[in-house]
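The block underneath contains the structure these notes are about, expressed in structure tokens.
The values are calculated or read from the model by the stated rules, or taken from the named source; none is laboratory data. Not measured: the values here are computed from a predicted model. Here Cβ is always computed from backbone atoms with ideal geometry, including for glycine, and neighbour counts include all displayed protein chains.
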Amino acid sequence: MAVERAADVCRGIADNVERVIIGKREAVERVLVAMIARGHVLLEDVPGVGKTMLARSLAASIGGDFRRIQFTPDLLPTDVTGVSIYDQKQGEFVFRRGPIFANIVLADEINRASPRTQSSLLEAMGERQVTVDGVTHELPRPFMVIATENPIEYEGVYPLPESQLDRFLLRFSIGYPERDEEKQIVRDQLVGHPVQDLETVATAEEVAAVQQAAARCHVSDGIYDYVLDLIEGTRASDQLYLGAGPRGSLALVRCTQALATIDGRDFVGPDDIKEIARAALAHRVIPRPEARVSGVTGAQVIEELLDSVPVPS
């Protein structure tokens with residue numbers, strides 16, 4: 001697929017989703033970036049800002065299957081992946097697929113489930129397959145997990161370990177809408193929800209073609225060096241206990257390729273890195289205890305590095 005056509009497909013999807021998620025173009029495009037880069041998203045935000053509707057709207061826009069998994073303390077791994085049940089008529093075990101077998105999977109309040117259940121997503125997110133009773137089952141394409149967590153609740157939750165946070169390509173918040181936008185949202189939903197009227201504007205084949213076009217997007221040596229300078233800056237920072245690993249380098253490059261494709265370009269520029277670096281790297285670093293006490297966050301360290309690391313010409 002030509003880059004111009006890929007950009008048109010992306011624009012059509014974003015415009016369609018924005019009919020439901022009003023005034024949050026940046027959040028819509030970031031989720032689109034993750035899908036094009038074959039990654040997953042962690043939405044960390046307060047209840048009621050449209051996280052579920054964002055996932056549903058994306059699935060509807062590409063004509064894909066949508067499944068919502070409500071993570072609770074009693075949720076079991078088999079409730080996510082599926083289970084083999086003995087069929088007396090056939091005289092053998094039959095695998096019944098779990099809700100993970102969908103194009104867009106919403107893992108709602110993922111930090112409320114036990115670490116064992118959280119880990120059931122790792123194989124699906126990393127390898128796009130599920131292994132149950134020694135048998136491997138392929139997941140549909142495209143496949144994307146959009147997980148949510150409430151940042152203001154600390155009781156009855158299991159914080160995601162660093163190894164699982166690192167599996168998410170991007171982490172960001174949607175935020176509250178502006179006053180005029182919220183008025184429009186209220187008016188539009190008095191009778192019905194606009195997500196019910198969304199039409200499919202792209203096919204799974206077109207999404208796959210856009211993903212391939214993004215993977216071919218040119219990345220110069222200067223951009224690679226810029227990315228590695230930022231990554232090495234996280235490892236050398238005296239404010240961080242843990243810097244970003246090689247998966248962070250790869251994630252940042254893939255995100256910039258997706259951004260360039262959405263913009264209709266076949267090359268990556270420094271501005272692409274500046275635009276997405278915070279969402280792609282902040283959750284991959286850990287501030288030192290003394291820095292955390294002073295209010296330092298991973299996002300702040302990434303912003304400081306973006307200001308201090310020289311930009312390639």
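Laid out as a table, the results:
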{"quantity": "Residue check for D266: in contact with a Cys (Cβ under 7 Å, 6 or more places away or on another chain), in contact (Cβ under 8 Å) with a residue 60 or more places away in the chain and charged (D, E, K, R)", "calculated": "yes"}
{"quantity": "Candidates A260, A282, filtered to the one that is modelled with pLDDT of 90 or more and farther than 26 Å from R5 by Cβ", "calculated": "A282"}
{"quantity": "Meets criteria (in a helix (DSSP H, G or I) and either loosely packed, with under 14 Cβ neighbours inside 10 Å or modelled with pLDDT of 85 or more (or both)) for G126", "calculated": "yes"}
{"quantity": "Number of the condition not met by T234 [criteria: (1) exposed (fewer than 15 other Cβ atoms within 10 Å of the Cβ); (2) over 20 Å from the mean Cα position of the chain (by Cα); (3) more than 24 Å from V9 (Cα to Cα); (4) modelled with pLDDT of 90 or more]", "calculated": "(1)"}
{"quantity": "Subset of the range 244-256 (residues that are of a type in the set (A, V, I, L, M, F, W, C) and in a loop (DSSP other than H, G, I, E, B))", "calculated": "A244"}
{"quantity": "Some residue of the range 171-186 being surrounded by 14 or more Cβ atoms within 10 Å (Cβ to Cβ), assigned to a strand (DSSP E or B), at pLDDT 85 or above and assigned by TED's automatic domain parsing to the domain that holds P99", "calculated": "yes"}
{"quantity": "Subset of the range 201-243 (residues that are acidic (D, E) and assigned to a helix (DSSP H, G or I))", "calculated": "E205, E206, D221, D225, D229, E232"}
{"quantity": "Residue check for G192: loosely packed, with under 12 Cβ neighbours inside 10 Å, out of contact with any Cys (no Cβ under 8 Å at 6 or more places or on another chain) and not aromatic (F, W, Y)", "calculated": "yes"}
{"quantity": "All helices (runs of 4 or more DSSP H) inside the range 263-313 with 3 or more residues being surrounded by fewer than 16 Cβ atoms within 10 Å (Cβ to Cβ) and not assigned by TED's automatic domain parsing to the domain that holds V41", "calculated": "289-293, 298-308"}
{"quantity": "In the range 194-219, residue nearest to A34 (Cα to Cα) [restricted to those that are of a type outside the set (A, V, I, L, M) and touching a residue at least 60 places away in the same chain (Cβ under 8 Å)]", "calculated": "Q211"}
{"quantity": "Given (1) part of a helix (DSSP H, G or I); (2) more than 19 Å from the chain's Cα centre (by Cα); (3) surrounded by fewer than 23 Cβ atoms within 10 Å (Cβ to Cβ), number of the condition R11 does not satisfy", "calculated": "(2)"}
{"quantity": "Per-region count, the range 271-312, residues farther than 24 Å from F168 by Cβ and in contact (Cβ under 8 Å) with a residue 40 or more places away in the chain", "calculated": "4"}
{"quantity": "Matching option when the condition is surrounded by 13 or more Cβ atoms within 10 Å (Cβ to Cβ), of a type outside the set (D, E), at pLDDT 85 or above and in contact with a Phe, Trp or Tyr (Cβ under 8 Å, 6 or more places away or on another chain), among V210, V219, V201", "calculated": "V219"}
{"quantity": "Meets criteria (within 22 Å of E181 (Cα to Cα) and either aliphatic (A, V, I, L, M) or not in a strand (DSSP E or B) (or both)) for L75", "calculated": "no"}
{"quantity": "Test for R19: is it closer than 18 Å to M144 by Cβ, in contact (Cβ under 8 Å) with a residue 24 or more places away in the chain and surrounded by fewer than 19 Cβ atoms within 10 Å (Cβ to Cβ)", "calculated": "no"}
{"quantity": "Filter result (of a type in the set (V, I, T), out of contact with any strand residue (DSSP E or B) (no Cβ under 9 Å at 6 or more places or on another chain) and either within 25 Å of A124 (Cβ to Cβ) or not assigned by TED's automatic domain parsing to the domain that holds L58 (or both)) within the range 22-44", "calculated": "V28, I36"}
